[in-house]
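Since every read-out is calculated from the coordinates, none of them should be taken as a lab result. This is a predicted model, so every value here is computed, not measured. Using ideal geometry, Cβ is built from the backbone for each residue, glycine included, and neighbour counts are taken over all protein chains shown.
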Amino acid sequence: MVNQPDRVVLIGVAGDSGCGKSTFLRRITDIFGEDFVTVICLDDYHSLDRKQRKETGITALDPRANNFDLMYEQIKTLKSGQSINKPIYNHETGLIDPPERIDPNHIVVIEGLHPLYDERVRGLLDFSVYLDISDEVKISWKIQRDMAERGHRYEDVLASINARRPDFEAYIDPQKQYADVVIQILPTQLIPGDKEHKVLRVRLMQRDGVEGFEPAYLFDEGSTINWTPCGRKLTCSYPGIKMFYGPDAYYGNEVSVLEVDGKFDNLEEMIYVEGHMSNIATKYYGELTHLLREHQDYPGSNDGTGLFQVLVGLKMRATYERLVGKGEKVAAAV
Ligand SMILES: Nc1ncnc2c1ncn2[C@@H]1O[C@H](COP(=O)(O)OP(=O)(O)OP(=O)(O)O)[C@@H](O)[C@H]1O
Ligand SMILES: O=C(CO)[C@H](O)[C@H](O)COP(=O)(O)O
């Protein structure tokens, strides 16, 4: 922690395991600086360890395997500026380890399966994001990672996704209705019947009417825009790039949607796209492009996942600055 914050700003990042939370969190700490942000993984509030879950048949996604009373009490305490002794769930052993002390910080991110599940915890959040990956893309990413990096077999990865699905649908997925923004990751519409999922269609659903949150837009606020950027100004090989901006309804709420389908070939040219976007909470012209170019190695940097993760990070910074007041500014990314 850098210094005792006057106010703790609490951010929730929800999504299933393997849906890109770690990459997103790296982008957030890049924007704020590592010392400014404390990330709490809510897996630490599992009340049943791996063996107990196996014996009872209750999955980690099931609320019964998680201690929401303790989660609420501790997050509330942290938000009020006091330290906590947070439990630790050990993913190597599957056991619950002795607790660790966590001090308040300027930004506290609670990330994991259930940041928006419990009404009391939800009520503490200053900003919330749900990462919504379609089943097809989730399977591709998981298979790629778990087979390449963890030595799992194709059938086992698929079986584990299928086994999680009922509880995912019952307890995790419904949380997206409460999020301020949802990043939806879908198969491309540019390649009919695409099975590879190397090209993605990414939609940013931004809730309208959230105090202090101004949805980002393309060209003209409130209009409906279908944009195929100029091939001379934005290099994009097959199957090209399409962008969209417009209003929609989402779980009974009005939202402003930004969408990118396709891949950017040259991130230096992102300035062309940035120049056509407004309300993106940058501190100087080109900051969004700079942040994307700086970490080209992160997965998704050349498509809508990277673009919208950075944009949401900038929106979080604006939320932070609004909540703490005029004096407290986070340095621009240069
Ligand atoms: N935008 C992206 N485009 C392509 N692949 C991605 C993208 N984001 C993440 N991945 C891939 O998906 C896998 C999971 O990503 P990541 O570790 O960020 O997810 P996670 O939600 O933190 O997972 P877990 O909770 O299981 O640790 C990684 O192998 C990563 O390469
Ligand atoms: O969905 C998850 C969140 O990361 C994990 O599956 C859950 O935390 C249980 O972990 P493990 O499989 O290591 O016992």
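Could you tell me whether the stretch 11-28 includes any residue that is within 13 Å of ligand 2 (Cβ to nearest atom), β-branched (Val, Ile, Thr) and more than 23 Å from the chain's Cα centre (by Cα)? No, every residue in the stretch 11-28 fails to be within 13 Å of ligand 2 (Cβ to nearest atom), β-branched (Val, Ile, Thr) and more than 23 Å from the chain's Cα centre (by Cα). Scan the stretch 302-325 and tell me whether some residue there is within 21 Å of Val9 (Cα to Cα), of a type in the set (Lys, Arg) and without any contact (Cβ under 8 Å) to a residue 12 or more places away in the chain. The answer is no, given that none of the residues of the stretch 302-325 is within 21 Å of Val9 (Cα to Cα), of a type in the set (Lys, Arg) and without any contact (Cβ under 8 Å) to a residue 12 or more places away in the chain. Pick from the stretch 29-53 the residues that are more than 10 Å from ligand 2 (Cβ to nearest atom) and among the hydrophobic types (A, V, I, L, M, F, W, C): which of them is nearest to Asn66 (Cα to Cα)? It comes out as Ile40.
Can you report the number of residues in the stretch 288-306 which are touching a strand residue (DSSP E or B) at 6+ places or on another chain (Cβ under 6 Å) and buried (at least 21 other Cβ atoms within 10 Å of the Cβ)?
3
Restricting Thr29, Thr56 to those that are surrounded by fewer than 21 Cβ atoms within 10 Å (Cβ to Cβ), polar (S, T, N, Q) and within 16 Å of ligand 1 (Cβ to nearest atom) reduces the list to Thr29. Annotation note: Cβ proximity below 6 Å between a residue of the stretch 95-124 that is closer than 21 Å to Leu25 by Cα and a residue that is aliphatic (A, V, I, L, M) and assigned to a loop (DSSP other than H, G, I, E, B) (sequence gap 6+ or interchain) occurs for Asp103/Met1; Pro104/Val8; Asn105/Met1; Val108/Val8; Leu113/Leu61; Arg122/Leu116.
Residues of the stretch 243-264 include none that is under 21 Å from Asp16 (Cβ atoms), assigned to a loop (DSSP other than H, G, I, E, B) and touching a Phe, Trp or Tyr at 6+ places or on another chain (Cβ under 8 Å).
Can we say Tyr45 is of a type in the set (Phe, Trp, Tyr), within 16 Å of ligand 1 (Cβ to nearest atom) and touching a helix residue (DSSP H, G or I) at 6+ places or on another chain (Cβ under 8 Å)? Please lay out each step first, then the result.
Values: of a type in the set (Phe, Trp, Tyr): yes; within 16 Å of ligand 1 (Cβ to nearest atom): yes; touching a helix residue (DSSP H, G or I) at 6+ places or on another chain (Cβ under 8 Å): yes.
In short, yes.
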